[in-house]
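Q: The structure that follows is given in the form of structure tokens.
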Amino acid sequence: MTALPTLPGFEQSGISMLVAAARRAIKHAIAPLLEPLDLTPHQAWMILLLRETGPLSLTDLALRMWLDHPTTSRLVHNLEDRHILEINQDPNHGRRILVGISEEGTALTETLFMAAETFRLRLEKGFTPEEKTALRGSLHKLLHNLSEMGEKSPKRKAKALEVDFN
């Protein structure tokens, strides 16, 4: 295996900085693949998730995309306006909606899937299955720690205690 090139400041960077740099680099690397499809990374990930899972409730979609409800809703409605996604009543639950890929969005979805597979293969090049498993484990711990920090945030607790007297 050939040695990887040295990255300036890598050894001195904290984990949070490296995660932020990786996120930014992924967004920049995927943008040229999505530009011809006129999609943002979040829109593309939403479409690919729905392709993989089938229709999901807005809550499930938000959870699986690690987004809040308002952001998820805006993404869904934008893609619905473009006839890529469709919103239907859940036949098993009277008040819940299901978000899925529309018939018109199917061709775009398959084109996107092929581009995403190519991207994934290039992104994961050189990783052994064990390294992928280890990275997933490390990211799981990181996300768990961040989730705990969010739950204990004084600002979040203060918001929960706010009462509107107007």
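The values are calculated or read from the model by the stated rules, or taken from the named source; none is laboratory data. On a predicted model such as this, the values are computed, not experimentally measured, just so you know. So basically every Cβ, Gly included, is an ideal-geometry build from the backbone, and we count neighbours across all protein chains shown.
Residue-by-condition table, conditions (1) at positive phi; (2) assigned by TED's automatic domain parsing to the domain that holds A25; (3) at pLDDT 95 or above:
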site	(1), (2), (3)
T53	no, yes, yes
V76	no, yes, yes
N92	no, yes, no
R96	no, yes, no
V99	no, yes, yes
T106	no, yes, yes
R136	no, no, no
N145	no, no, no
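Q: Can you tell me which residue within the range 105-120, out of those that are over 16 Å from the mean Cα position of the chain (by Cα) and loosely packed, with under 13 Cβ neighbours inside 10 Å, is farthest from L56 (Cα to Cα)?
A: Here the answer is T118.
Q: List every residue pair whose Cβ atoms lie under 6 Å apart, where the two residues are 6 or more positions apart in sequence or sit on different chains, the first residue falls within the range 22-35 and is farther than 22 Å from E110 by Cβ and touching a residue at least 12 places away in the same chain (Cβ under 8 Å), and the second residue, located anywhere, is part of a helix (DSSP H, G or I) and not β-branched (V, I, T).
A: Close Cβ pairs satisfying both conditions: K27/P41.
Q: Assess whether N92 counts as being free of Cβ contacts under 8 Å to residues at least 12 places away in the same chain, exposed (fewer than 15 other Cβ atoms within 10 Å of the Cβ) and more than 14 Å from L49 (Cβ to Cβ).
A: In short, yes.
Q: Considering the range 53-101 alone, what residues qualify as being hydrophobic (A, V, I, L, M, F, W, C) and farther than 17 Å from T40 by Cα?
A: L56, L58, L63, I87, I97, L98, V99
Q: Now for a separate question. Can you tell me which residue is modelled with the lowest pLDDT among those in the range 149-166 that are of a type in the set (D, E, K, R) and surrounded by 10 or more Cβ atoms within 10 Å (Cβ to Cβ)?
A: Looking at residues that are of a type in the set (D, E, K, R) and surrounded by 10 or more Cβ atoms within 10 Å (Cβ to Cβ), I get K157.
Q: What number of residues within the range 41-72 are buried (at least 16 other Cβ atoms within 10 Å of the Cβ) and among the polar types (S, T, N, Q)?
A: So the answer is 2.
Q: Tell me whether the range 125-134 contains one or more residues that are closer than 15 Å to S16 by Cα and either modelled with pLDDT under 75 or surrounded by 10 or more Cβ atoms within 10 Å (Cβ to Cβ) (or both).
A: no
Q: Could you check the range 76-98 and list, in sequence order, the residues that are among the aliphatic types (A, V, I, L, M), more than 14 Å from the chain's Cα centre (by Cα) and in a helix (DSSP H, G or I)?
A: Correct list: L79 only.
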